[in-house]
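To keep things clear, I will list the structure first and then write my remarks on it.
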Amino acid sequence: MSLSAMGTRLSGKTVLITGASSGIGRATAFEFSRTAPDIKLILTARRIDTLKEVAAQIEEESKGRTKVLPVKFDVSDPKEVASFVEGLPEEWRAIDVLVNNAGLVKGLDKVGEIAEEDVNIMMTTNVIGLIGLTQQIVKIFHARGGKGDIINIGSIAGRDPYAGGSIYCATKAAVRAFSDSLRKELIATKIRVMVVDPGQVETEFSVVRFRGDKAKADAVYADVDPLTAEDIAEVVVFVAGRKENVVVADTLVFPSHQAGAGVMHRKSA
Ligand code: NAP
């Protein structure tokens, strides 16, 4: 099988994806393997059994060419973040691409009524964990002479904050500001900092928001044609697969019925 130019560029790289047990992270893992089968994937999340299933499926689909290391890792735990790299087997530490994807939203509560627990889990997962892991991985990139990719999954919520989403929107605005600062800090290196901001994607995201209430989650996607996790995965792999001097710094991806965080055209409207 001959590889595309993008496949050739990615071939042999080691890619670390957080939140790979579901949705965008999981789809991104498959997309990397399909584009460059000889890639090495470190897949992390809290649900290790699900990750192991994803790993087995990718290994089977790639006929053993893609090597996958599933790692149980809670990005909201600073101790786990601090010891993450040293906990990897030696041959997996030469990470080339970091996809900071793990993230979540809880509820639609208004300020004054948001449970402290919800504030904390969104902040520690979406912001503190992402920053902590980036601090670890950027050292690896510097040690090899300043080379590597950091791809942060933000959201339209970080650009267009909406009522009932104050904390989630603030976390994604933080991802945006952190990424923009980092890109400037790294200007003299070949380390690329890229942000992909999805609009509405149908994943487990809304099920998590509504604490397992599938009917409420399904209502979010009623009468619309949301993006799939694969749509965003294609964009993530595309930006990672550009030539070394091309930095797709910032990408906003909507489904065709969406033009803002709360601007949706529903077929029944
Ligand atoms: P998803 O299907 O719920 O996937 C979220 C992933 O994050 C899961 O693999 C989950 O794994 C992981 N995760 C959550 N908390 C974690 C923690 N503390 N430690 C490690 N992993 C954790 O949702 P998704 O839509 O794919 O979300 C992926 C990213 O896209 C998030 O950053 C989200 O904010 C962003 N995004 C989503 C949408 C959308 O409409 N879906 C839109 C814009 C941006 P475990 O539960 O196994 O830990």
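The values are calculated or read from the model by the stated rules, or taken from the named source; none is laboratory data. What you see is a predicted model; the values in this text were computed from it and never measured. So basically every Cβ, Gly included, is an ideal-geometry build from the backbone, and we count neighbours across all protein chains shown. Ligands, DNA and RNA are stripped out before the accessible areas are found, and what is left, the full protein with its side chains, is counted by its heavy atoms. Shrake-Rupley method; radii C 1.70, N 1.55, O 1.52, S 1.80 Å.
Residues in the stretch 4-21 that are of a type in the set (Val, Ile, Thr) and open to solvent by less than 50 Å² (accessible area, probe 1.4 Å): Thr14, Val15, Ile17, Thr18.
Residues in the stretch 174-193: is at least one under 17 Å from Leu104 (Cβ atoms) and either of a type outside the set (Lys, Arg) or exposed (fewer than 14 other Cβ atoms within 10 Å of the Cβ) (or both)?
Filtering the stretch 174-193 down to residues under 17 Å from Leu104 (Cβ atoms) leaves 174-175.
Within this subset, residues satisfying the condition of being either of a type outside the set (Lys, Arg) or exposed (fewer than 14 other Cβ atoms within 10 Å of the Cβ) (or both) are 174-175.
So far as the stretch 174-193 goes, yes, one or more of its residues are under 17 Å from Leu104 (Cβ atoms) and either of a type outside the set (Lys, Arg) or exposed (fewer than 14 other Cβ atoms within 10 Å of the Cβ) (or both).
Quick check on the stretch 190-213: of everything there that is assigned to a strand (DSSP E or B) and near the ligand (Cβ under 6 Å from one of its atoms), which residue is farthest from Leu227 (Cα to Cα)? Here the residue is Pro198. Here Lys216 fulfils each of the conditions (1) assigned to a loop (DSSP other than H, G, I, E, B); (2) basic (Lys, Arg); (3) touching a Phe, Trp or Tyr at 6+ places or on another chain (Cβ under 9 Å) apart from (1).
For Asp109, state whether it is under 25 Å from Thr28 (Cβ atoms), open to solvent by 20 Å² or more (accessible area, probe 1.4 Å) and in a loop (DSSP other than H, G, I, E, B).
Details: under 25 Å from Thr28 (Cβ atoms): no; open to solvent by 20 Å² or more (accessible area, probe 1.4 Å): yes; in a loop (DSSP other than H, G, I, E, B): yes.
Considered against the rule, which asks whether it is under 25 Å from Thr28 (Cβ atoms), open to solvent by 20 Å² or more (accessible area, probe 1.4 Å) and in a loop (DSSP other than H, G, I, E, B), Asp109 comes out as no.
Against the condition closer than 22 Å to Leu43 by Cβ and within 13 Å of the ligand (Cβ to nearest atom), how does Asn120 come out, does it pass? So Asn120 does not fit the description; no. With respect to Asp231, is the statement that it is free of Cβ contacts under 8 Å to residues at least 40 places away in the same chain, under 23 Å from Lys13 (Cβ atoms) and of a type outside the set (Val, Ile, Thr) true? So Asp231 fits the description; yes.
Exactly one residue out of Val54, Val75 is crowded, with 20+ Cβ neighbours inside 10 Å and either closer than 23 Å to Asp250 by Cβ or away from the ligand (no atom under 16 Å from the Cβ) (or both), and it is Val75.
Asp149 fulfils the conditions (1) away from the ligand (no atom under 12 Å from the Cβ); (2) modelled with pLDDT of 95 or more; (3) open to solvent by 40 Å² or more (accessible area, probe 1.4 Å) except for a single criterion, (3).
Step by step: first the residues of the stretch 224-265, then only those that are within 30 Å of Lys147 (Cβ to Cβ) and open to solvent by less than 20 Å² (accessible area, probe 1.4 Å), then the one that is nearest to the ligand (Cβ to nearest atom). Which residue is that? In this case the residue turns out to be Ala229. Taken over the stretch 66-115, the criterion of being over 22 Å from Val236 (Cα atoms) and touching a residue at least 60 places away in the same chain (Cβ under 8 Å) is satisfied by Lys106, Gly107, Leu108. Picking from residues in the stretch 29-51 that are open to solvent by less than 40 Å² (accessible area, probe 1.4 Å) and closer than 18 Å to Asn126 by Cα, the one that is nearest to the ligand (Cβ to nearest atom) is Ala45. Scanning the stretch 112-131 for residues that are in a loop (DSSP other than H, G, I, E, B) and crowded, with 17+ Cβ neighbours inside 10 Å yields one hit, Ile114. The residues on offer are Tyr221, Tyr168, and the sole one that is among the hydroxyl-bearing types (Ser, Thr, Tyr), farther than 23 Å from Thr124 by Cα and within 12 Å of the ligand (Cβ to nearest atom) is Tyr221.
Pairs, please: C-beta under 9 Å, at least 6 apart or cross-chain, first residue on the phi < 0 side of the Ramachandran plot and in the stretch 250-269, second aromatic (Phe, Trp, Tyr) and open to solvent by 70 Å² or more (accessible area, probe 1.4 Å)? Sorted first by the residue in the stretch 250-269, then by its partner, the pairs are Thr251/Phe238.
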